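Have a look at the structure below before the remarks.
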Amino acid sequence: MKHTLSVLVENRPGVLTRVAALFARRGYNIDSLAVGRTENPDISRMTIVVPGDHHVIEQVTKQLDKLIDVIKVSDITKDEYVERELILIKVGADPSVRGEIMQIVDIFRARVVDIGKDSLIIEATGDLGKIDAIENSMRSFGIIEVVRTGKIAMVRGPKHEDAENYLSHRRL
Amino acid sequence: MAVEKKGMEVDGVGSVGDKLPCKKLVMNGAELVVKALEDEGVEVIFGFPGGAVLPLYDALYYSEKIKHILVRHEQCAAHAADGYARSSGKVGVCVATSGPGATNLVTGIANAYMDSIPMVAITGQVVVSAIGRDSFQEADITGITLPITKHNFLLNDVEQIVPTIKKAFHIASTGRPGPVLIDLPRDITTMEAEYRPDMELDTPGYKIPKMQGRDALEEIAEVLKQSEKPVIYAGGGILRSKAQGELLSLAEKHDIPVTTTLMGKSCFPENHGLSLGMLGMHGTVYANYAVSECDLLLGIGVRFADRVTGNISTFAQNARVVHMDIDPAEIGKNVPVDYEVVGDIREILSSLLRLAPEKKHCEWNETIDGWKDKYPLHYDNSTDIIKPQYVIEQICEVTEGRAYVATEVGQHQMWAAQYYKSLMPGSFSTSGGLGTMGFGFPASIGMQMANPDATVFNIAGDGSIQMNIQELATIAQYDLPVNIAILNNQYLGMVRQWQEIFHGRRYSQTDMSHQPDFVKLAEAYGVEALKVEKKEEVRPAIEKAVGSKKPFLMDFHVEREENVFPMVPPGGSIKKMIRG
């Protein structure tokens, strides 16, 4: 089963290395990892999608929590949350099929962001299911290149996690 | 301190009502490092100078509070700091220069990490602007030590020196202890900054595990009441949290036999009636039987390492398993447990002592005494050839179990664990997790520095001692009365034993009979030494060494093909031992 971990970390050099190295050293896999700073510029949030059973996730969480630069680890898999991923797809598109591609793009509420002589770049955002679906629907036209950001996630409702207390109380 | 010479005082700029003193101290980075170390109570540093740490050594030159021990190889600086920490409970400190100096520390840092030893390692680094350009003597030591430190820092701001050193000591010594490395670019140590010792620590991500599982403790007290056949399995965590007193009370009040891991050795007096000695691969028969037959296993400050458990599926299979440890990530990592308590072991044990009523387990202890009578540790001492076990028994007798002992790794290490009955907590240092040959001799230097009046022994093999033999110069220079006992069988004995048992006696690359004359070698370094080839010379040699109060090396020529027994084949059940 895939778990979504939301991890608050100190925004400083080397933190990503520490997190990635931990996964490598202990033999855990990463499906995707997205990182960016939070509303507090000193703090970043990583959204990490990790495959594994309960035992693996428990170890991942505990080991991550031991890293000094990691402020808070939350497994939000079972929480109510909004997830999004952004995808850019470069697809082979001579003028004869462009109309058909545009229709599919509309259905997915995606956008064409670049048009070349024989290709298009499509941008789409959505949950993982939607992103997979649009990628699949483009296969028959010939996908030239795909870039995905990895999933980011935000828990619904009022501010979540005790770490948020830290965000507001931290001396700046 | 350097302040007198170089520091200058300037008028303060603090506003009215500011609690800062109106004069402020300005020092260069190197002086700030030394001052911060002094503030942490550091009395000894083990190190080796070099280009990138020249300013630091310049500042150390003026320190009256810190004594610097010049080792002959940086690896030994780390091991000596490690031995110092193990035997004093304080943080060990080592220093090396950039590049090769720093990389030479790596084994010592990894060793401390595996055994959870509090250590601060300070390395020089090339100037900030040269980092990343493959400069002379540059190594990415924070990158290299990332998986073997509890945390590490690359300092690039002179203002951060004092708070970073504070943080490093805090992180190294609290929670589950471990090594912390500070990489110090040379130019940072020559810039000036104000000395501000009162800066607040800012480590939001560092959590010292608080005690969790008070409910579990009540359940454990209840289970303890019901248990007929309990066993305590005690590890290094007892020594790290100084909980030996609580352990002793728990064992005595509840009449529970205690087996220790290699790391836990010395946390429980080994002449005590409830002591089972060590368990696991080379543990005593009675310890392994007791664990296999018990109905309740209290794992305290342990990590259920593979050398202890053997085949996990048969380990303590009749028992309910309790695991108490400071590190939540250790709970359930290797073995599923029935009851868990996370927190400081001393605090946990004090709480448990208050909850659980006293109880006797006469029948169970009689059973165990039966095993002790039937399957004692034994070796054939009937020949004239010196047996290695005999040498260790004699060392134990002469020192009455009260010496500080550091071992290397191999057969002699296991014999020392089996036959040296340690009576003082923290008096036995050995490389448990990493299994580092060459650890013991430098560690014994650290132990002697921490306990200047104590009798210190390095029990070594002829293979291991050659890994860091150059430290003879160090003990000679500082006149450290370390006693080196080499159990010389002219083999890499433990590897040879495995080759004998598992590889058809094909002794591939384990014959070490081409070796130096250790006596002449020691004498060349200015260390008194004796070669011992006769059994009747063993005890007088030990007495002479201990009595000399000087550095002393003993080269005991022992039975070449003696094996360490009992032995559990790797991956086997600890119930099924080769008893020898």
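The values are calculated or read from the model by the stated rules, or taken from the named source; none is laboratory data. Note that the coordinates shown come from a computational prediction; the quantities given were computed from them, not determined experimentally. Quick reminder, even Gly has a Cβ in these numbers, built from the backbone with ideal geometry, and neighbours come from all protein chains shown. For the accessible areas, the whole protein counts, side chains as well, though only heavy atoms, and no ligand, DNA or RNA atoms are used. Shrake-Rupley method; radii C 1.70, N 1.55, O 1.52, S 1.80 Å.
Of the conditions (1) without any contact (Cβ under 8 Å) to a residue 60 or more places away in the chain; (2) within 14 Å of chain A (Cβ to nearest Cβ), B:Arg303 fails just one. Which one is it? Of everything listed in (1) without any contact (Cβ under 8 Å) to a residue 60 or more places away in the chain; (2) within 14 Å of chain A (Cβ to nearest Cβ), B:Arg303 misses just condition (1).
Yes/no matrix, rows are residues, columns are (1) among the aliphatic types (A, V, I, L, M); (2) over 22 Å from B:Val568 (Cβ atoms); (3) under 19 Å from the mean Cα position of the chain (by Cα); (4) not assigned by TED's automatic domain parsing to the domain that holds B:Lys150:
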{"position": "B:Asn334", "(1), (2), (3), (4)": "no, no, no, yes"}
{"position": "B:Val341", "(1), (2), (3), (4)": "yes, yes, no, yes"}
{"position": "B:Ile345", "(1), (2), (3), (4)": "yes, yes, yes, yes"}
{"position": "B:Asn381", "(1), (2), (3), (4)": "no, yes, no, yes"}
{"position": "B:Met414", "(1), (2), (3), (4)": "yes, no, yes, yes"}
{"position": "B:Ser422", "(1), (2), (3), (4)": "no, yes, yes, yes"}
{"position": "B:Leu434", "(1), (2), (3), (4)": "yes, no, yes, yes"}
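Is it true that A:Lys62 is farther than 28 Å from B:Ser116 by Cα and of a type in the set (D, E, K, R)? It is false that A:Lys62 is farther than 28 Å from B:Ser116 by Cα and of a type in the set (D, E, K, R).
Say whether the condition of being under 15 Å from B:Ala443 (Cβ atoms), modelled with pLDDT of 95 or more and out of contact with any Asp or Glu (no Cβ under 8 Å at 6 or more places or on another chain) is met by at least one residue in region B:49-65. No, there is no match, as no residue in region B:49-65 is under 15 Å from B:Ala443 (Cβ atoms), modelled with pLDDT of 95 or more and out of contact with any Asp or Glu (no Cβ under 8 Å at 6 or more places or on another chain).
Taken over region A:6-41, the residue count meeting the criterion of being among the acidic types (Asp, Glu) and either modelled with pLDDT of 95 or more or in contact with an Asp or Glu (Cβ under 8 Å, 6 or more places away or on another chain) (or both) is 1. Among the criteria (1) open to solvent by 40 Å² or more (accessible area, probe 1.4 Å); (2) touching a residue at least 40 places away in the same chain (Cβ under 8 Å); (3) closer than 17 Å to B:Pro204 by Cα; (4) not in a strand (DSSP E or B), the one A:Lys72 does not fulfil is (4). Counting the residues of region B:135-159 that are in contact with a strand residue (DSSP E or B) (Cβ under 8 Å, 6 or more places away or on another chain), open to solvent by 20 Å² or more (accessible area, probe 1.4 Å) and within 13 Å of chain A (Cβ to nearest Cβ) gives 7. In region B:175-183 there is no residue matching the filter, namely being open to solvent by 30 Å² or more (accessible area, probe 1.4 Å), out of contact with any helix residue (DSSP H, G or I) (no Cβ under 7 Å at 6 or more places or on another chain) and more than 10 Å from chain A (Cβ to nearest Cβ). Scanning region B:196-234 for residues that are in contact with a Phe, Trp or Tyr (Cβ under 7 Å, 6 or more places away or on another chain) and of a type in the set (Lys, Arg) yields a single hit, B:Lys229.
Which one of these is modelled with pLDDT of 95 or more and closer than 30 Å to B:Thr314 by Cβ: B:Phe552, B:Phe565, B:Phe518? Don't jump to the end; show me each part of the working.
Numbers: B:Phe552 fails: closer than 30 Å to B:Thr314 by Cβ; B:Phe518 fails: closer than 30 Å to B:Thr314 by Cβ.
Answer to the selection: B:Phe565.
Just one of the numbered conditions (1) more than 30 Å from B:Val308 (Cα to Cα); (2) outside any loop (DSSP other than H, G, I, E, B); (3) aliphatic (A, V, I, L, M) is not true of B:Leu480: (2). Evaluating B:Val126 against the criteria (1) within 14 Å of chain A (Cβ to nearest Cβ); (2) surrounded by fewer than 24 Cβ atoms within 10 Å (Cβ to Cβ); (3) in contact with a strand residue (DSSP E or B) (Cβ under 7 Å, 6 or more places away or on another chain) leaves one unmet condition, (1).
Residues are listed down the side, and each one gets a yes or a no for (1) surrounded by fewer than 18 Cβ atoms within 10 Å (Cβ to Cβ); (2) out of contact with any Leu (no Cβ under 7 Å at 6 or more places or on another chain); (3) modelled with pLDDT of 95 or more; (4) of a type in the set (D, E, K, R):
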position	(1), (2), (3), (4)
B:Glu366	yes, yes, yes, yes
B:Gln394	no, yes, yes, no
B:Thr399	no, yes, yes, no
B:Val409	no, yes, yes, no
B:Met414	no, yes, yes, no
B:Ala417	no, no, yes, no
B:Lys421	no, yes, yes, yes
B:Met424	yes, yes, yes, no
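Residues checked against (1) within 14 Å of B:Ala460 (Cβ to Cβ); (2) among the polar types (S, T, N, Q):
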residue: B:Val527; (1), (2): yes, no
residue: B:Glu533; (1), (2): no, no
residue: B:Ala545; (1), (2): yes, no
residue: B:Ser548; (1), (2): no, yes
residue: B:Arg560; (1), (2): no, no
residue: B:Met567; (1), (2): no, no
residue: B:Pro570; (1), (2): no, no
residue: B:Ile574; (1), (2): no, no
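Can you work out which of the residues in region B:109-123 that are part of a helix (DSSP H, G or I) and in contact with a strand residue (DSSP E or B) (Cβ under 7 Å, 6 or more places away or on another chain) is surrounded by the fewest Cβ atoms within 10 Å (Cβ to Cβ)? Out of the qualifying residues, it is B:Tyr113.
Listed here are the residues, each with its yes/no results for (1) over 28 Å from B:Leu25 (Cβ atoms); (2) among the hydroxyl-bearing types (Ser, Thr, Tyr); (3) free of Cβ contacts under 8 Å to residues at least 60 places away in the same chain; (4) outside any strand (DSSP E or B).
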| site | (1), (2), (3), (4) |
| --- | --- |
| B:Ser135 | yes, yes, yes, yes |
| B:Gly143 | yes, no, yes, yes |
| B:Ile165 | no, no, no, yes |
| B:Ala168 | no, no, yes, yes |
| B:Gly175 | yes, no, no, yes |
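Cβ-Cβ contacts under 9 Å between residues 6 or more apart (or on different chains), taken from a first residue in region B:19-38 that is among the polar types (S, T, N, Q) to a second residue that is in a strand (DSSP E or B) and at pLDDT 95 or above, are listed as B:Asn28/B:Glu192; B:Asn28/B:Ala193. Within region B:299-335, being open to solvent by 20 Å² or more (accessible area, probe 1.4 Å), part of a helix (DSSP H, G or I) and closer than 19 Å to B:Arg346 by Cα holds for one residue alone: B:Pro328.
Taking A:Leu22 as the residue in question, decide whether it is under 20 Å from B:Ala329 (Cβ atoms) and not β-branched (Val, Ile, Thr).
On the way: under 20 Å from B:Ala329 (Cβ atoms): yes; not β-branched (Val, Ile, Thr): yes.
In short, yes.
Listed by position, the strands (runs of 3 or more DSSP E) contained in region A:77-162 that have at least 3 residues being at pLDDT 95 or above and within 19 Å of A:Thr4 (Cβ to Cβ) are A:81-92. Report whether or not B:Val341 is within 14 Å of chain A (Cβ to nearest Cβ) and either among the β-branched types (Val, Ile, Thr) or surrounded by 19 or more Cβ atoms within 10 Å (Cβ to Cβ) (or both). Taking the combined requirement at face value, the residue does not satisfy it.
Within region B:426-455, the residues that satisfy the criterion of being open to solvent by 10 Å² or more (accessible area, probe 1.4 Å) and not in a loop (DSSP other than H, G, I, E, B) are B:Phe428, B:Met449, B:Ala450.
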